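> The structure under discussion is supplied below as structure tokens; questions concerning it will follow.
The values are calculated or read from the model by the stated rules, or taken from the named source; none is laboratory data. Here the structure is a predicted model, which means the values were calculated and not measured. In case anyone asks, the SASA skips ligands and DNA or RNA and just uses the protein heavy atoms, side chains included. Shrake-Rupley method; radii C 1.70, N 1.55, O 1.52, S 1.80 Å.
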Amino acid sequence: MRLAELSERSGVSTATIKYYLREGLVPPGRQVNATTAEYDDGHLRRLRLVRALIQVGRVPVAKAREVLGHVDDESLGRTIRLGAALWALPQGPEPDEEDPAVPAARAEVDRLLALLDWDAAREVGALSPVHRSLVVAVATLNGLGYGWDAERLAPYAELMHAAARLDLDSLEAQASEAERVETAVAAAVLFEPVLRALHRLAQEEESARRYGIE
């Protein structure tokens with residue numbers, strides 16, 4: 001398809017597509033002549049991902065380029081490629097090592113991973129920005145007196161593990177490695193709000209079942 005059709009099918013203006021091409025967020029099309037290029041469904045898929053990152057996730061262009069660089073890195077194995085792309089997404093605040101709640105929270109997170117036999121997560125440990133974000137969250141909870149320890153966190157972690165299995169089942173249905181990683185990144189930006197909303201709806205439903213709606 002030509003640029004005009006790509007714009008029509010994607011809902012992205014030609015000017016914006018040209019900007020994404022210049023910034024390296026979308027790969028170039030197949031050059032037909034000096035002024036014309038052909039695009040395919042892969043470009044449509046990439047435009048959806050770029051829009052998810054920039055328009056929905058509010059990811060800066062430079063950070064989006066970094067994420068997409070990992071998505072496109074065929075030299076990496078699946079786990080490393082997926083992990084690198086997800087780690088490159090904007091993360092939460094870093095642990096404040098001056099906060100006395102942080103070491104205790106880190107110990108609880110590490111104890112949680114041991115309790116669950118999450119060996120890969122234990123091996124990566126604090127190298128993972130997700131691990132560090134969890135430490136910050138637990139430190140905040142415990143610093144406010146809510147007392148979340150490994151045993152209390154474990155049932156929630158097991159539910160998230162079940163969700164992760166569903167995620168990877170969905171990824172494996174994709175045709176190519178690039179599509180799998182693209183889908184994972186898009187889901188991290190677009191589907192996490194769905195999970196949060198479902199959690200809150202489930203709380204409302206369970207509350208009504210236990211206590212009534214009056």
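> Given the options Leu76, Leu53, Leu201, which has the most mean-square fluctuation in a GNM of the chain, springs set between C-alpha atoms less than 10 angstrom apart?
Leu201
> If amide H atoms are built 1.01 Å from N in the plane of the peptide, which residues on other chains or at least 5 residues away come under 5 Å of the amide H of Glu38?
Arg30, Gln31, Val32
> Sticking with this structure for a sec: Give me the percent relative contact order of the chain, please, defined on Cα pairs under 8 angstrom at least 6 residues apart. Spell out each step's value before the answer.
On the way: 178 pairs, mean separation 38.4, N = 214.
The value is 18 percent.
> Separate question: Looking at the chain, do any whole DSSP H helices span at least 18 angstrom along their long axis by alpha carbon and average 0.5 or above on Kyte-Doolittle, and which?
Sorted by number, the helices that extend far enough and score high enough are 101-116, 129-143, 177-190.
> Write down the radius of gyration of the chain and its Dmax, each obtained from C-alpha positions, in Å.
Cα radius of gyration and Dmax of the chain are 20.9, 70 Å respectively.
> How much length, in nm to one decimal, is gained on full extension between Ala154 and Ser75, taken as 0.36 nm per residue of separation minus their Cα-Cα distance?
This chain segment gains 24.9 nm when fully extended.
> What Kirkwood radius, in Å to one decimal, follows from the Cα pairs of the range 93-211?
Details: mean 1/r = 0.0614 Å⁻¹.
That comes to 16.3 Å for the range 93-211.
> Something else about it: Could you check how much of the accessible area of the range 1-65 is carbon and sulfur, as a whole percent, using a 1.4 Å probe?
Values: 1840 of 3720 Å².
Looking at the range 1-65 in its full context, I get 49 percent from C and S.
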